[in-house]
Amino acid sequence: MAAPLPNHPQLRGNYGPINFEASCDDLVIEGNVPADLSGSLYRIGPNPKFVEGTYHWFFGTGMIHAFHVDQGKVGYVNRWVRTPKFEKEIELGRGLNLEININKETGQIESNRRNGVANTHIMAHGDHLVALEEGSHPFSVAPQSLESEGYGHYADGIKGAMTAHPKIDPETGELHGFGYMTDHFGSKTMTYHVIDRNGQMLRSDVFEAPYAAMVHDFMITRDYVIFPLFPLTCDLDRVAKFGFPFAFDRSAGAYIGVLKRGAPVSSIRWLEAPVCYVFHYLNAWNEGSKVTFDSVDFPVAPNFPNADGSIPAHADAQGKLTRWTLDVDTGAIDRYQTLDVASEFPRIDNRFAASRHRHGYIAAASQRAKGDGGLFHEITHIDCDTGDVSTWDAGFGNGVSEPVFVEKNSGAKEGEGWLLATVYDSQKSTSSLVILNAQAVGDGPVAVAMLDHRIPYGFHGSWRNN
Ligand SMILES: [Fe+2]
């Protein structure tokens with residue numbers, strides 16, 4: 001029997017889970033779905049069925065929501081990701097903590113990479129569709145039904161975990177990823193993975209970073225792999241002091257690891273960088289030794305304590321889009337803010353990944369209220385060449401997801417396409433899929449496909465063409 005969930009801020013309102021799986025072949029639509037839009041938008045986020053003891057949003061069991069779009073119609077399916085942990089919870093009728101294995105010889109904590117919560121990102125690569133969470137291996141699901149297939153069907157053999165933010169190189173079709181704390185929990189070892197379009201591992205190489213940290217995202221360019229390391233460090237001694245091993249430790253400094261594409265990991269060089277925190281990168285490219293990238297920079301790590309145990313000030317928990325230039329030969333770094341609005345979940349036209357991009361899309365919040373859980377109520381397009389910005393406001397109090405770009409057709413120019421996102425209506429307590437013209441974001445949605453229920457706030461998603 002499922003018990004009531006604890007009274008916890010990340011289990012209330014639209015952070016709270018829904019307790020059902022459903023499907024609908026034909027959603028009610030306002031407006032017109034573009035006739036040539038044919039594929040699926042996948043979204044994923046934490047949706048625990050059971051919670052016992054302490055809870056953190058990052059550790060809730062993943063649920064996938066799919067919008068299948070074809071010939072002007074939109075169907076919907078949602079399914080839990082049935083990891084072994086979830087199946088065991090169903091069997092027992094209660095929540096379980098993440099499995100912890102202590103190595104009897106070393107005493108180190110070794111994660112089980114195939115028993116996670118699969119809640120952070122879902123993306124297609126070749127014929128595979130995988131749910132990702134940075135402590136585990138990719139978990140395969142069926143693209144139409146979302147039925148769980150399991151671990152090991154994709155990228156089998158990788159050492160350590162796979163980030164939830166791997167990058168697909170549009171030129172080679174290869175997926176590049178990484179893992180952190182590879183050898184054991186608290187270790188400064190990381191891994192660099194390359195997977196081919198058939199889901200076969202091409203390389204998975206372990207290297208050592210300057211310190212152990214939570215590393216959420218990274219970048220590739222045509223010529224380089226870039227591993228930024230910001231000091232959300234891991235120290236097991238903090239568990240006794242604060243009950244939690246991760247904290248933002250400015251004194252550890254920040255580094256950017258640079259690897260030439262195709263080179264051995266032994267050649268990674270760590271360049272000193274300004275201290276800040278970044279969860280997500282929009283994209284990166286290089287012209288010779290000059291790397292340019294856009295990221296969402298925070299003064300400290302939001303949602304985590306500082307090293308002295310203090311909680312970040314509200315003003316420090318706002319991320320802003322920032323452009324960095326980095327000369328990988330000299331180590332010279334320059335950076336400046338490009339959007340003075342609290343924002344997150346940056347996306348590009350993925351055909352331009354690892355190349356120079358012009359257009360970026362992001363969830364933004366020009367209005368913020370303390371205690372609103374960091375909601376975003378706007379979808380914003382930024383023209384990175386001109387600085388022009390176009391915004392659609394879903395209404396303060398409502399919540400928009402990460403905007404996912406879909407090109408109009410394979411020959412479309414960069415930015416010619418659609419933005420797909422989900423919107424939570426706080427008055428009606430329902431969610432919808434919105435489709436915007438990526439070249440006229442300020443005009444608002446061209447189509448809205450409405451659900452009769454809400455999609456809890458989640459993390460990431462992506463599009464898969466039919
Ligand atoms: Fe993320």
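The values are calculated or read from the model by the stated rules, or taken from the named source; none is laboratory data. What you see is a predicted model, and the numbers here were worked out from it, not measured in a lab. As a convention, Cβ positions derive from the backbone with ideal geometry for all residues, glycine included, and neighbour counts pool all protein chains shown.
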Counted residues, the range 152-176 - those being touching a residue at least 40 places away in the same chain (Cβ under 8 Å) and either outside any loop (DSSP other than H, G, I, E, B) or away from the ligand (no atom under 15 Å from the Cβ) (or both): 16
Positions within the range 444-466 being among the hydroxyl-bearing types (Ser, Thr, Tyr) and either at pLDDT below 95 or part of a loop (DSSP other than H, G, I, E, B) (or both), in sequence order: 457
Verdict on residue 224 being away from the ligand (no atom under 16 Å from the Cβ), surrounded by fewer than 17 Cβ atoms within 10 Å (Cβ to Cβ), of a type in the set (Phe, Trp, Tyr) and under 22 Å from residue 328 (Cβ atoms): no
Subset of the range 40-54 (residues that are buried (at least 17 other Cβ atoms within 10 Å of the Cβ) and out of contact with any helix residue (DSSP H, G or I) (no Cβ under 7 Å at 6 or more places or on another chain)): 40, 41, 42, 43, 44, 45, 47, 48
Residues of the range 1-30 classified as loosely packed, with under 13 Cβ neighbours inside 10 Å and either over 20 Å from residue 90 (Cα atoms) or among the charged types (D, E, K, R) (or both), total: 8
Flag if residue 121 is touching a Ser or Thr at 6+ places or on another chain (Cβ under 9 Å), crowded, with 22+ Cβ neighbours inside 10 Å and of a type outside the set (Val, Ile, Thr): yes
Test set (1) in a strand (DSSP E or B); (2) more than 23 Å from residue 319 (Cα to Cα) - residue 291 fails condition number: (2)
Of all residues making up the range 79-119, the number that are within 27 Å of the chain's Cα centre (by Cα), closer than 26 Å to residue 182 by Cα and in a loop (DSSP other than H, G, I, E, B): 15
Among (1) in contact with a Leu (Cβ under 6 Å, 6 or more places away or on another chain); (2) closer than 16 Å to residue 189 by Cα; (3) in contact (Cβ under 8 Å) with a residue 40 or more places away in the chain - the single one residue 213 does not satisfy: (3)
Residue in the range 279-316 that is nearest to the ligand (Cβ to nearest atom), counting only those that are under 19 Å from residue 327 (Cβ atoms) and aliphatic (A, V, I, L, M): 284
Residue match in the range 374-396 (condition: within 16 Å of the ligand (Cβ to nearest atom), among the hydrophobic types (A, V, I, L, M, F, W, C) and at negative phi): yes
In the range 181-215, the residues that are of a type in the set (S, T, N, Q), buried (at least 16 other Cβ atoms within 10 Å of the Cβ) and over 18 Å from residue 225 (Cβ atoms): 187
Selection within the range 236-286 - without any contact (Cβ under 8 Å) to a residue 24 or more places away in the chain and not in a helix (DSSP H, G or I): 237, 243, 262, 263
Whichever residue in the range 120-151 is of a type in the set (S, T, N, Q) and outside any loop (DSSP other than H, G, I, E, B) and, among such residues, is farthest from the ligand (Cβ to nearest atom): 148
Subset of the range 393-418 (residues that are over 20 Å from residue 77 (Cα atoms) and in contact with a His (Cβ under 9 Å, 6 or more places away or on another chain)): 393, 394, 395, 396, 397, 398, 399, 405, 414, 415
Every residue from the range 287-346 that is modelled with pLDDT under 95, over 23 Å from residue 393 (Cβ atoms) and of a type in the set (S, T, N, Q): 303, 306, 310
Residue ID - nearest to the ligand (Cβ to nearest atom), chosen from residues in the range 182-216 that are assigned to a loop (DSSP other than H, G, I, E, B) and closer than 14 Å to residue 258 by Cα: 209
